[in-house]
Amino acid sequence: MLQVNEIHHGDARTLLKSIENDSIACSIWSPPYHLGKEYEKDMTYEEWQELITTVINLHTPILIPGGFLAINIADILVFPDKNMPRIQALNISRQRISVTREDVLRAMELHPTYNRYQLAELLDCSEQTIDRRLNGNNIRGGKYNTQTRVHLVSGIIEKAGKDAGLYLYDRRIWVKDPAWQSSQWHTISYRSIDEFEYIFVFWKPGITVVDRKRLKRNEWAEWGSRGVWNIPSVRANNDHEAKFPLELPRRIIKLLTAPNDIVLDCFVGSGTTAVAAIMENRQYIGIEKEAKYVELAKENCTKTRQTMDNTYKQIKLDI
Ligand SMILES: C[S@@+](CC[C@H](N)C(=O)[O-])C[C@H]1O[C@@H](n2cnc3c(N)ncnc32)[C@H](O)[C@@H]1O
């Protein structure tokens with residue numbers, strides 16, 4: 001059985017089977033989003049879906065009756081679809097080159113044997129500009145790339161939870177920093193940029209204690225009872241490329257668990273959930289498949305424990 005207050009190295013699909021039944025008060029995780037990050041780059045869409053479904057399914061026996069599973073995830077905004085027709089959008093506002101369609105047609109009349117490259121040289125522009133002026137195609141992502149559409153994840157998550165015998169209890173929106181930099185394509189489309197994610201909360205049937213004293217009055221008003229959480233994103237992703245902010249698991253832990261409860265994160269990454277659990281006097285189990293992140297998570301837990309111990313010693317001295 002997996003030890004409590006440890007970060008374990010391995011695949012969630014294997015290690016979740018080694019957690020004691022009816023032991024986890026709340027599991028909080030953010031899985032790979034199928035966005036091609038380093039730790040998921042070799043996974044097909046079907047394999048990704050299988051990972052999410054299997055992991056949700058493995059939660060049913062290990063949650064305490066009345067316990068929760070909170071999943072932080074986002075929709076896939078650029079899902080490649082080879083059946084999607086091409087978006088033949090002439091982007092008028094980006095036509096910075098002064099060569100017009102009429103210029104190209106006139107040049108073709110004067111030089112009927114010229115190919116696109118020769119015409120480009122003559123008009124001092126690129127071959128692509130000649131093509132665009134003649135065919136009016138300025139396609140987002142390049143005209144030879146597969147087109148992309150939005151793919152909602154809520155359906156997959158809801159079905160996996162229901163099939164596992166869990167009930168969707170709540171859903172919230174996390175409003176993060178708008179991702180202007182990673183959404184360069186927004187300037188050549190009508191799409192909105194990436195700036196929110198979901199938190200889906202499942203409940204395992206059983207008695208759930210509702211303790212209104214877990215939060216202060218202002219905490220209930222500011223976030224405990226609110227469906228939208230405004231929390232800035234993690235700016236420094238130098239040690240892990242997809243961390244969620246500490247405040248996110250911290251709120252879930254404060255709301256849905258009691259002191260000393262066991263909190264699980266089976267995609268623990270840099271250890272944010274475990275750190276939040278330590279800070280809130282809860283126990284934790286972390287699982288991570290990448291060895292370098294296991295080390296990072298362990299270090300972060302040790303640092304947090306040391307800081308907490310020092311603060312406690314200081315308070316005792318002050319008293
Ligand atoms: C979105 S990140 C989670 C980041 C974490 N919430 C944090 O704040 O650092 C997903 C993590 O899951 C890990 N992972 C991916 N597939 C896994 C699997 N099958 N089992 C365990 N961990 C996995 C990745 O290596 C990555 O660290």
Check your understanding: Out of Ala221, Ala274, which single residue is in the same structural domain as Arg172 (by TED's automatic domain parsing), touching a helix residue (DSSP H, G or I) at 6+ places or on another chain (Cβ under 8 Å) and either over 28 Å from Thr53 (Cα atoms) or modelled with pLDDT of 95 or more (or both)?
Key -> Ala274
Point to revise | Elements of type helices (runs of 4 or more DSSP H) contained in the range 242-319, each with 2 or more residues being under 21 Å from Glu20 (Cα atoms) | key: 247-256, 272-279
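Quick one: would you say Asp42 is in the same structural domain as Cys266 (by TED's automatic domain parsing) and without any contact (Cβ under 8 Å) to a residue 24 or more places away in the chain?
Numbers: in the same structural domain as Cys266 (by TED's automatic domain parsing): yes; without any contact (Cβ under 8 Å) to a residue 24 or more places away in the chain: yes.
Judged against the criteria, Asp42 is a match.
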Check your understanding: Would you call Leu15 in a helix (DSSP H, G or I), over 20 Å from the mean Cα position of the chain (by Cα) and surrounded by 18 or more Cβ atoms within 10 Å (Cβ to Cβ)?
Key -> yes
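Looking only at residues in the range 72-104 that are part of a loop (DSSP other than H, G, I, E, B) and among the charged types (D, E, K, R), which one is modelled with the highest pLDDT?
Within the range 72-104, the first condition is being part of a loop (DSSP other than H, G, I, E, B), and the residues that meet it are 74-75, 81-91, 95-100.
Next cut, among the charged types (D, E, K, R) only: 75, 81-82, 86, 96.
Numbers: Asp75: 97, Asp81: 92, Lys82: 91, Arg86: 80, Arg96: 68.
For the range 72-104, the residue satisfying everything is Asp75.
Going through the range 255-274 one residue at a time, which ones are of a type in the set (A, V, I, L, M, F, W, C), crowded, with 24+ Cβ neighbours inside 10 Å and under 14 Å from Tyr293 (Cα atoms)? Outline the logic, then answer.
Narrowing the range 255-274 to residues of a type in the set (A, V, I, L, M, F, W, C): 255-256, 258, 262-264, 266-268, 274.
Then drop every residue that is not crowded, with 24+ Cβ neighbours inside 10 Å, which leaves 263-264, 266, 268, 274.
Passing the criteria: Cys266, Val268, Ala274.
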Review point. What's the number of the condition Trp180 fails, among (1) modelled with pLDDT of 90 or more; (2) open to solvent by 70 Å² or more (accessible area, probe 1.4 Å); (3) aromatic (Phe, Trp, Tyr)?
Key: (1)
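Quick check on my filter: what residues within the range 106-138 are among the polar types (S, T, N, Q) and farther than 18 Å from Ile87 by Cα?
Step one: of the range 106-138, the residues among the polar types (S, T, N, Q) are 113, 115, 118, 126, 128-129, 135, 137-138.
Across the range 106-138, the qualifying residues are Thr113, Asn115, Gln118, Ser126.
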Practice item. Evaluate the range 125-140: report whether one residue or more is modelled with pLDDT under 90, of a type in the set (Asp, Glu) and open to solvent by 30 Å² or more (accessible area, probe 1.4 Å). Key: yes
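Being touching a helix residue (DSSP H, G or I) at 6+ places or on another chain (Cβ under 9 Å) and at positive phi is true for just one of Gly286, Gly269. Which residue is that?
On the way: Gly286 fails: at positive phi.
Checking each option against the conditions leaves just Gly269.
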Point to revise | Test set (1) in a helix (DSSP H, G or I); (2) modelled with pLDDT of 95 or more; (3) open to solvent by 60 Å² or more (accessible area, probe 1.4 Å) - Leu168 fails condition number | key: (1)
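In the range 254-274, what residues are of a type in the set (A, V, I, L, M) and within 13 Å of the ligand (Cβ to nearest atom)? Write out each step before concluding.
Initially, the range 254-274 is screened for residues of a type in the set (A, V, I, L, M), giving 255-256, 258, 262-264, 268, 274.
If the condition is that a residue be of a type in the set (A, V, I, L, M) and within 13 Å of the ligand (Cβ to nearest atom), then Val263, Leu264, Val268, Ala274 are the ones that fit.
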Check your understanding: So which of Ala277, Ala236, Ala221 is more than 9 Å from the ligand (Cβ to nearest atom), closer than 21 Å to Leu63 by Cα and hydrophobic (A, V, I, L, M, F, W, C)?
Key -> Ala277
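In the range 283-298, how many are open to solvent by 30 Å² or more (accessible area, probe 1.4 Å) and more than 7 Å from the ligand (Cβ to nearest atom)? Give the derivation first.
Our first condition is that a residue be open to solvent by 30 Å² or more (accessible area, probe 1.4 Å); within the range 283-298, this holds for 283, 289-292, 295, 298.
Next, only the ones that are more than 7 Å from the ligand (Cβ to nearest atom) stay: 283, 291-292, 295, 298.
Residues meeting the conditions: 5.
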Exercise for review: All but one of (1) surrounded by 15 or more Cβ atoms within 10 Å (Cβ to Cβ); (2) in a loop (DSSP other than H, G, I, E, B) hold for Thr146, so report the exception by its number.
Suggested key: (1)
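Examine the range 56-71 for a residue that is part of a loop (DSSP other than H, G, I, E, B), of a type in the set (S, T, N, Q) and surrounded by fewer than 19 Cβ atoms within 10 Å (Cβ to Cβ), and state whether such a residue exists.
From the range 56-71, those part of a loop (DSSP other than H, G, I, E, B) are none; that's our starting set.
So far as the range 56-71 goes, no, none of its residues is part of a loop (DSSP other than H, G, I, E, B), of a type in the set (S, T, N, Q) and surrounded by fewer than 19 Cβ atoms within 10 Å (Cβ to Cβ).
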Point to revise | Close pairs from the range 219-245: first closer than 20 Å to Lys289 by Cβ, partner among the hydrophobic types (A, V, I, L, M, F, W, C) and within 13 Å of the ligand (Cβ to nearest atom), Cβ under 6 Å, at least 6 apart | key: Asp239/Leu296; Lys243/Val234
Exercise for review: Kindly indicate whether any position in the range 10-31 is over 18 Å from Val201 (Cα atoms), within 15 Å of the ligand (Cβ to nearest atom) and modelled with pLDDT under 95.
Suggested key: no
Check your understanding: What's the number of the condition Tyr39 fails, among (1) more than 9 Å from the ligand (Cβ to nearest atom); (2) more than 20 Å from Ile156 (Cα to Cα); (3) of a type outside the set (D, E, K, R)?
Key -> (1)
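The values are calculated or read from the model by the stated rules, or taken from the named source; none is laboratory data. Computed from a prediction, not measured in an experiment: that's the story for all the values here. Note that each Cβ is placed from the backbone with ideal geometry, even for glycine, and that neighbours are counted across all protein chains shown. Each accessible area value is taken on the protein alone, full model and side chains, heavy atoms only, with ligands, DNA and RNA left out. Shrake-Rupley method; radii C 1.70, N 1.55, O 1.52, S 1.80 Å.
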